[in-house]
1. Obtain the nm distance between the two label points defined at residue 202 and residue 180 by a simple spin-label model: each point lies 7 Å from its Cα along the Cα-to-C-beta direction.
2. Provide the convex hull volume over Cα atoms per residue for segment 138-277, in Å³.
3. When you take every Cα atom in the chain, what is the radius of gyration, and what is Dmax, the widest Cα pair distance, in Å?
4. How high is the FRET efficiency between residue 268 and residue 159 when r is their beta carbon distance and R₀ equals 25 Å, given to the nearest 0.05?
5. Classify segment 13-171 as rounded, prolate or oblate, taking a ≥ b ≥ c as the square roots of the eigenvalues of its Cα gyration tensor: rounded when a/c is under 1.5, otherwise prolate if a/b is larger than b/c and oblate if not.
6. When a/c reaches 1.5 or more, the comparison of a/b and b/c decides; with that in mind, is segment 98-171 rounded, prolate or oblate per its Cα gyration tensor?
7. With only alpha-carbon atoms counted, please give the Rg and Dmax of segment 173-250, in Å.
8. With axes computed from alpha carbons, what is the tilt in degrees of helix 261-276 against the longest principal axis of the chain, rounded to the nearest 10 within 0 to 90?
């Protein structure tokens, strides 16, 4: 899945990114589902080692247009994972207190500690996306934030955090169909926000903003992956593959077992004998 990794030396054009692309998995949906089931199991095992080892920190950032699949991706990936050691952070409209501070103030406390995987559902990138599109601050202000974000993520990486960033790319027609599905399914109507249609009118502006984000903030220490996301099963397979491969590369190990376990076993066995006597 490295073909979807954004190379800052080769600027990406979102208009040329096919949201329906299936790579080498065209016509292999059943095989892909089996492969993903294996990835789910591997992720659960790797997360357990990460939590036990208490040395590594992993931050996974998901960004997408409305209905892009951030929730679905997270839910699918974590289906078999022990919730211990995994956290989710969802960055919504800033509160008055958050707005009184710099835009990264609310982000830093949410990053992972040793042994944790943290998923950001939206993130500090909203401050060069929504803020830019809606002109909440001047261009002079938001243009500086690309370098600030790169520096922030570099600091996290140098302190031992592995960072993976995924942009889930759907097209305008797919978003329309997903909105229709929400509106016609009573169980999904709660997900629909009338404001989403207003945001949809700004599609081109958001695409331009996302394109700049991908090209200006994909770095060796915090790379972006632009994932074709019109097909949920392929989206999940791509994201899962990158995460599992990255966790494997960390070469994690369970802590050394306690020395002389027989001594403790003997103590427990003797405890039972003492009670009988």
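1. For residue 202 paired with residue 180, the spin-label model returns 2.6 nm.
2. It is 254 Å³ per residue.
3. Using the Cα atoms of the chain, the pair Rg, Dmax is 21.9, 81 Å.
4. 0.05
5. oblate
6. Prolate.
7. Expressed in Å, the Cα Rg and Dmax of segment 173-250 come to 16.2, 45.
8. Between helix and principal axis, roughly 60 degrees.
Bear in mind these aren't lab numbers, they're just calculated from the coordinates by the rules spelled out. The model shown is predicted, which means the values in this text are computed figures rather than measured ones. Positions of Cβ are backbone-derived with ideal geometry, glycine not excepted, and every protein chain shown enters the neighbour counts.
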